[in-house]
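Here's the structure, in structure tokens; my notes come after.
Laboratory data are not the source of any read-out in this text; all were calculated from the coordinates shown. For clarity, every value in this text was computed on a predicted model and none was experimentally measured. Neighbour counts are summed over all protein chains in view; Cβ atoms, including those assigned to glycine, are modelled from backbone coordinates with ideal geometry.
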Amino acid sequence: MDISKILDDLRQERQHLDEAIVVLERLVSGSSGKRRGRPPNWLKRVGAIEASGAAPAKVGGRKKFGDETRRKMAESQKRRWEAKNAAKNS
């Protein structure tokens with residue numbers, strides 16, 4: 001076991017932890033001022049936004065339609081296209 005290598009690794013880890021602590025302290029204090037726009041994605045991943053009272057990110061994808069609903073939507077769209085083309089050709 002190389003103790004000097006272990007010490008170097010621990011010092012690097014301590015430096016990373018110190019940097020993370022500084023960033024989190026800035027987030028908590030809000031010293032950077034009020035920012036406009038959507039928060040960055042990394043804030044969502046670490047859970048900082050949910051802790052601050054904002055709504056949690058949506059989970060899931062697009063809404064799925066059943067076969068019958070899709071068929072009705074397709075028929076309605078075809079009728080709209082036919083009406084539009086009939087008006088254009090007249």
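Ranked highest first by the average count of other Cβ atoms within 10 Å around their residues, in what order do 62-69, 75-82 fall? Please report the intermediate quantities before stating the final value.
On the way: 62-69: 7.8, 75-82: 10.0.
For the peptides 62-69, 75-82, the packing ranking is 75-82, 62-69.
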Two pseudo-spin positions, 7 Å from Cα along C-beta at ARG71 and at VAL22, lie apart in nanometres by 6.5 nm
Compute the length gained on full extension between TRP81 and GLU13: take 0.36 nm times their separation in residues and subtract their Cα-Cα distance, giving the result in nm to one decimal. 18.1 nm
